[in-house]
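The values are calculated or read from the model by the stated rules, or taken from the named source; none is laboratory data. As the structure is a computational prediction, the values presented were derived from the model and not from experiment. A quick note on method: Cβ atoms are made from the backbone with ideal geometry, for glycine too, and the neighbour counts reach across all protein chains shown.
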Amino acid sequence: MTDVEAVRAQLAQARRVCVLTGAGMSAESGIPTFRDAMSGLWSRFDPAQLASEEGFRADPARVWAWYAERKQGVRDAQPNAGHVALADYGRRRPGVLTIVTQNVDDLHQRAGWPQTVRLHGDILADRWLEACPRGLGCAITHAQPGEPPACADCGNLLRPGVVWFGEMLPEDAIDAAERAARDCDVLLVVGTSGAVWPAAGLARVARRAGAKVVIVNPQASEIDGEAHWLLRGTAAEVLPRVLDEG
Ligand code: NAD
């Protein structure tokens, strides 16, 4: 039996399957992974400047512009064959699948899995940097080109709705992710370097609770040691092979 056949058999009989996805899941949709996004034009900035509250406060226009480019990339992207295979599998087997993503794009949702658990927020859902200091609710009445929109009354700024370095993950999302990892028969980890915590710890949680762990990634990741099967390929190639019927 090949590894692909063995994983297909596991997924066909599992009562609960948890899928943890990272930036590599969306790479074939044209959205750069974290490392790619930090290269090229933006290589002179470090992640702490682009993806932290301190960095945003230090230079809101620069951070806003970087996210504006990434938001456009997300709007222009389409789900790939991997996103579609996951959503189709979930629809064929009601009650079996939980998708937990570190991605801030909406490609799992657009592929047909709106209940995806988002650990790191939503890049398309801006929110206010501060609670409204007057308690009345801020309103965008003031937007300079190239600057984040601001509240004309108090100066509060809009910020991207993602979880930045140093920020807490949404409690309901991490609770749901840990529950799904603990309760699953198979954890499928797709396209993550395993370098960002606490998401990276979910593989160990699942393995210790008795699940089979499958990693799909063309390259080595920091959590390969937790895997029962390592499928060295891309999300769009491998997921249809292990999930599709027939
Ligand atoms: P990462 O960039 O650290 O790692 C990406 C991983 O994907 C690597 O291990 C790489 O080998 C693998 N990969 C590359 N192409 C692949 C493919 N076609 N199929 C399968 N795997 C592939 O990303 P990460 O582990 O998700 O962590 C970085 C953080 O950056 C995340 O927390 C996430 O929130 C954020 N991020 C999100 C997006 C997005 O929403 N699409 C994009 C970039 C970064």
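For segment 82-122, the set of residues classified as surrounded by fewer than 19 Cβ atoms within 10 Å (Cβ to Cβ) and in contact with a helix residue (DSSP H, G or I) (Cβ under 6 Å, 6 or more places away or on another chain) consists of G112 only.
Based on what the data block shows, is L202 within 16 Å of the ligand (Cβ to nearest atom) and either of a type in the set (S, T, N, Q) or surrounded by 15 or more Cβ atoms within 10 Å (Cβ to Cβ) (or both)? Before you say what the answer is, go through the steps one by one.
Working: within 16 Å of the ligand (Cβ to nearest atom): yes; either of a type in the set (S, T, N, Q) or surrounded by 15 or more Cβ atoms within 10 Å (Cβ to Cβ) (or both): yes.
So L202 fits the description; yes.
Select from segment 231-246 the residues that are of a type in the set (A, V, I, L, M) and more than 8 Å from the ligand (Cβ to nearest atom) and write down the one among them that is surrounded by the fewest Cβ atoms within 10 Å (Cβ to Cβ). Explain how you work it out, then say what you get.
Of the residues in segment 231-246, the ones of a type in the set (A, V, I, L, M) are 231, 235-236, 238-239, 242-243.
Subset that is more than 8 Å from the ligand (Cβ to nearest atom): 231, 239, 242-243.
Working: L231: 21, L239: 28, V242: 24, L243: 25.
Of everything passing the filter in segment 231-246, L231 is surrounded by the fewest Cβ atoms within 10 Å (Cβ to Cβ).
Within segment 221-232, not a single residue is part of a loop (DSSP other than H, G, I, E, B) and aromatic (F, W, Y).
Sub-7 Å Cβ pairs linking a first residue in segment 128-141 that is in contact (Cβ under 8 Å) with a residue 60 or more places away in the chain and closer than 17 Å to G161 by Cα to a second residue that is of a type in the set (A, V, I, L, M) and surrounded by 12 or more Cβ atoms within 10 Å (Cβ to Cβ), at least 6 apart or interchain, are L129/L157, ordered by first then second residue.
Hey, does segment 129-146 have a residue that's touching a helix residue (DSSP H, G or I) at 6+ places or on another chain (Cβ under 7 Å) and part of a strand (DSSP E or B)? No, that holds for no residue. Scanning segment 161-207 for residues that are out of contact with any helix residue (DSSP H, G or I) (no Cβ under 9 Å at 6 or more places or on another chain), at pLDDT below 95 and part of a helix (DSSP H, G or I) returns a single hit, A200. Of all residues in segment 113-122, one or more are touching a residue at least 60 places away in the same chain (Cβ under 8 Å) and more than 11 Å from the ligand (Cβ to nearest atom).
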